[in-house]
Amino acid sequence: MPDALPDPSAISGTTRLYVVLGDPVAQVRAPGLLNDLFARTARDAVLVPVHVGPEGLGEVMRGLRRIHNLDGILVTVPHKIEVCRYADLLGPAAEVAGSANALRRNPDGTWLADNFDGAGFVHGLRANGHDPTGATVALAGAGGAGRAVAAALLTAGVAQLRLYDPDSDRQQDVLARLDARWPGRVRSGVEGDFDGEGDHEGGRVDIAVNATPLGMRPGDPLPFDPARLPRTCVVADIIMKPAETALLKAARDGGRPVVHGRHMLDSQVLLYQEFFALHAPERNGRWEP
């Protein structure tokens with residue numbers, strides 16, 4: 001089913017605004033999902049993509065905060081860490097992960113940032129029959145989404161998380177943040193953590209996750225080689241577009257179970273609905289949280 005689009009004739013001076021920020025934004029699915037939700041709940045609102053690079057994020061965020069009919073901001077790569085600087089308050093997941101993918105305007109005008117990537121990812125895993133409780137997970141990518149996924153997996157009860165990122169400073173920063181909350185369950189990952197039978201230190205892997213941008217563009221190298229993983233290892237990718245990345249195709253062709261990025265986002269829609277109070281009834285012609 002194609003993504004639903006807002007009816008242009010329904011947009012008026014009373015329409016509430018939402019945006020999704022990213023660089024790039026061509027891959028985002030949030031406009032279709034949220035605008036469909038607005039239509040199904042008869043909410044006078046629209047969400048549009050805003051393409052802004054890192055050099056312009058501060059200026060854009062300062063401007064968005066001053067738009068009185070802007071109620072919410074979604075955030076994608078590469079802004080999830082930096083955007084926390086422009087929030088007045090951090091929710092629990094954003095506080096732990098140090099990154100956010102959603103901000104809302106509170107009734108007092110302050111902006112609250114939180115992160116639903118991790119909760120959506122874990123929900124998507126479980127919805128596909130893969131409970132991470134007690135598992136050993138190798139996670140590639142310690143950026144904004146990766147650290148949120150890591151925190152959610154640890155919350156869900158994984159036995160051990162091995163976190164790998166080519167930026168060693170970023171990797172160590174995230175490891176320190178996670179180890180302070182979940183001591184002894186997270187360690188620095190290396191390329192060998194994506195090895196088949198776990199001949200390297202630490203043993204085999206039950207779930208391997210790509211939380212890097214590798215796979216968004218044609219010709220990207222694989223973030224890791226799924227052929228080196230056990231046949232029973234679940235291979236998951238957080239990338240939304242393409243729907244099946246080269247990593248997932250290689251894993252599926254090799255007989256390994258896969259979980260697509262769309263499952264993470266689909267699972268977040270209900271979380272966004274709660275966060276932005278999109279389920280609220282209309283009263284006296286005006287929506288109230």
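Would you check which residues across the range 47-63 are under 14 Å from TRP111 (Cβ atoms) and either modelled with pLDDT under 95 or of a type in the set (A, V, I, L, M, F, W, C) (or both) and list them?
Listed by number, the residues that qualify are VAL60, MET61.
How about the range 235-257: which of its residues are surrounded by fewer than 20 Cβ atoms within 10 Å (Cβ to Cβ) and in contact with a strand residue (DSSP E or B) (Cβ under 6 Å, 6 or more places away or on another chain)?
ARG252, ARG256, PRO257
Of the residues ALA127, ALA156, which is surrounded by fewer than 20 Cβ atoms within 10 Å (Cβ to Cβ) and over 18 Å from VAL83 (Cβ atoms)? I'd like the intermediate steps shown before the answer.
Values: ALA156 fails: surrounded by fewer than 20 Cβ atoms within 10 Å (Cβ to Cβ).
When all the criteria are applied, what remains is ALA127.
Quick test for you: out of VAL269, VAL235, VAL205, pick the one residue that is under 15 Å from ALA138 (Cα atoms), among the hydrophobic types (A, V, I, L, M, F, W, C) and either modelled with pLDDT of 95 or more or in a helix (DSSP H, G or I) (or both). So that I can check it myself, show each step before the final result.
Details: VAL269 fails: under 15 Å from ALA138 (Cα atoms); VAL205 fails: either modelled with pLDDT of 95 or more or in a helix (DSSP H, G or I) (or both).
Among VAL269, VAL235, VAL205, only VAL235 is under 15 Å from ALA138 (Cα atoms), among the hydrophobic types (A, V, I, L, M, F, W, C) and either modelled with pLDDT of 95 or more or in a helix (DSSP H, G or I) (or both).
The values are calculated or read from the model by the stated rules, or taken from the named source; none is laboratory data. Not measured: the values here are computed from a predicted model. Every residue, glycine among them, receives a Cβ derived from its backbone with ideal geometry; neighbour counts consider all protein chains shown.
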